[in-house]
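**Q** Structure in structure tokens, see below.
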Amino acid sequence: MVYPGARSAGCALCKKRKIKVCHVNTCDDFCLNGAPSPPISVTKRDLSVAAVTCTVCPGYDRPLELTWLCRATTSRRRCMKRARRYYGVALRSVGAVLAQEPKTWQDDTVAAIMLLHQFEDTDEEVFSNRVAHLGGVNGVLKLRKEMLLSKLLGYSLHPWAFSQLQIHAFLTKTSFECLTVPDPEPDTRDHPTGLTVLVAKIGRFWSSLSERLEISYDNPEAQRRQLELLHSSITDAWCIHVHMGDWEQPLSAAWTPGDTVSDDGRVLVTYSHQWLGIVWMMFYATCMIFYHAIIRCCRSLAAVRSLRGKNEKKSIVLFTRLAESHLKRLTDRVCSSIPYCLGKVDKEGRAMKIPHYKGIVCYELIWPFALVAELSYSTDTQARVSKETLKRIESMYGIKLAGTA
């Protein structure tokens, strides 16, 4: 608002008018608890707070909506400038907070670092800094001496950090200390906690198997050692597979995906709400990595010359076929979930008059779609649909896998 009056002391552009400036534009401190929401909330959820805080899907609090101003509203220059300003303030905030040891343990520090990571994850120009920020989150949690899996319920920030760190662990075949399953294990009777522990075990299996497959075994003694390690991996994989079945058996009706038929006769997969669909899509992607790793392990085991028992070879072949069948089922589930998760149909399979596209939802779906598009077990149609969906997301929101052309 502009008022007549004396020269403004705080504005170099205004010489003879007194201007009342919004506090948001002059605030130098990045206050996560007091940050404003964007003019059009692109992350507003249509489900209860309890459902948000009790899922392994990232639980973004109101302040973290600022993350999506940059990519979900790229056509609005004011929003872009505003997002860039928050990005810069977050950089200064992290440095200031980390310099004060008592404040280092606060969740605001983790949230600011995750905000920086989120910007860079969708901007390939600064892709190289992405690992540093994820490592920073791991470092802060390590200083706090806490595991992410021990504080999942009631903490919306921790599931978000867990999902981002776990994706990076899968992509790099490494692991972070904060992703370790605590001993004793959390109570897995709760659906979200059981799912998160299961994902953490798959991540640990993938990391250890990758190390074992990369080692070269030249002499007979080393090959025997390789055989023992691969047998151990197969045993671990079978335990995880059984654990997966045990977790899926007692699922409540609200958590169980449903099959429906669309208006055009296609079989679609729907969920009780959209964000639960994102949880399942991320879980499907994790299972794809798991079963693909099993196939690699079985093939390496079958190639070992000392593997001569007929029963042993038969077991390896059967386990390989089991993994292949699960991979085909998972790719089909992902592709059948696309219309509902993108907001094109409701949970009954009826087409929406106005599709409910959400930028933050599309961001979470990039990883599963990218896996289906590149997986050798996907059909030509499934790969084509996934690639087309990725291109549509990029054209709508400018969101794509960082580092891709």
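**Q** Before we move on, is TYR340 in contact with a strand residue (DSSP E or B) (Cβ under 6 Å, 6 or more places away or on another chain) and in the same structural domain as THR260 (by TED's automatic domain parsing)?
**A** In short, yes.
**Q** OK, next. How many residues are more than 27 Å from PHE162 (Cα to Cα), in a helix (DSSP H, G or I) and either in contact with a Phe, Trp or Tyr (Cβ under 9 Å, 6 or more places away or on another chain) or not acidic (Asp, Glu) (or both) when one looks only at the range 186-231?
**A** So the answer is 10.
**Q** Take THR196 and tell me if it is surrounded by 17 or more Cβ atoms within 10 Å (Cβ to Cβ), touching a Pro at 6+ places or on another chain (Cβ under 8 Å) and at pLDDT 75 or above.
**A** The answer is yes for THR196.
**Q** Still on this structure: Restricting attention to the range 135-186, which residues are closer than 26 Å to VAL361 by Cβ and modelled with pLDDT under 75?
**A** Matches in the range 135-186: LEU148, LEU149, LYS151, LEU152, LEU153, GLY154, TYR155, SER156, LEU157, HIS158, PRO159, TRP160.
**Q** From the residues in the range 357-385 that are surrounded by fewer than 17 Cβ atoms within 10 Å (Cβ to Cβ) and among the polar types (S, T, N, Q), which one is nearest to TYR397 (Cα to Cα)?
**A** Per the criteria, the residue is THR381.
**Q** Mind counting the residues in the range 344-356 that are over 21 Å from GLY258 (Cα atoms) and surrounded by 17 or more Cβ atoms within 10 Å (Cβ to Cβ)?
**A** 0
**Q** Can I ask one more? Check SER262, SER300 and return the single one that is modelled with pLDDT under 95, under 23 Å from PRO220 (Cβ atoms), in the same structural domain as ILE202 (by TED's automatic domain parsing) and more than 26 Å from the chain's Cα centre (by Cα).
**A** After applying the criteria, what remains is SER300.
**Q** Please pick out the residue among ILE360, ILE366, ILE399 that is assigned to a helix (DSSP H, G or I) and farther than 27 Å from TYR291 by Cα.
**A** Going through ILE360, ILE366, ILE399 in turn, the sole match is ILE360.
**Q** Among the candidates VAL334, VAL267, VAL279, which residue alone is exposed (fewer than 13 other Cβ atoms within 10 Å of the Cβ), touching a residue at least 12 places away in the same chain (Cβ under 8 Å) and under 26 Å from ILE393 (Cβ atoms)?
**A** None of the other options fit; the residue is VAL267.
**Q** Would you confirm, using the coordinates I've provided, whether SER376 is at negative phi, in the same structural domain as ASP264 (by TED's automatic domain parsing) and in a helix (DSSP H, G or I)?
**A** no
**Q** Scan the range 265-275 and give yes if some residue there is in a loop (DSSP other than H, G, I, E, B), out of contact with any Ser or Thr (no Cβ under 9 Å at 6 or more places or on another chain), in the same structural domain as LYS358 (by TED's automatic domain parsing) and at positive phi, otherwise no.
**A** Yes, the range 265-275 has at least one match.
**Q** Just to check your reading of the model, which residue among SER325, SER252, SER315, SER300 is closer than 20 Å to TRP206 by Cα, surrounded by fewer than 17 Cβ atoms within 10 Å (Cβ to Cβ) and among the polar types (S, T, N, Q)?
**A** SER325
The values are calculated or read from the model by the stated rules, or taken from the named source; none is laboratory data. All values derive from a computational prediction rather than experimental measurement. Methodologically, a virtual Cβ is constructed for each residue, glycine included, from the backbone with ideal geometry; neighbour enumeration extends over all protein chains shown.
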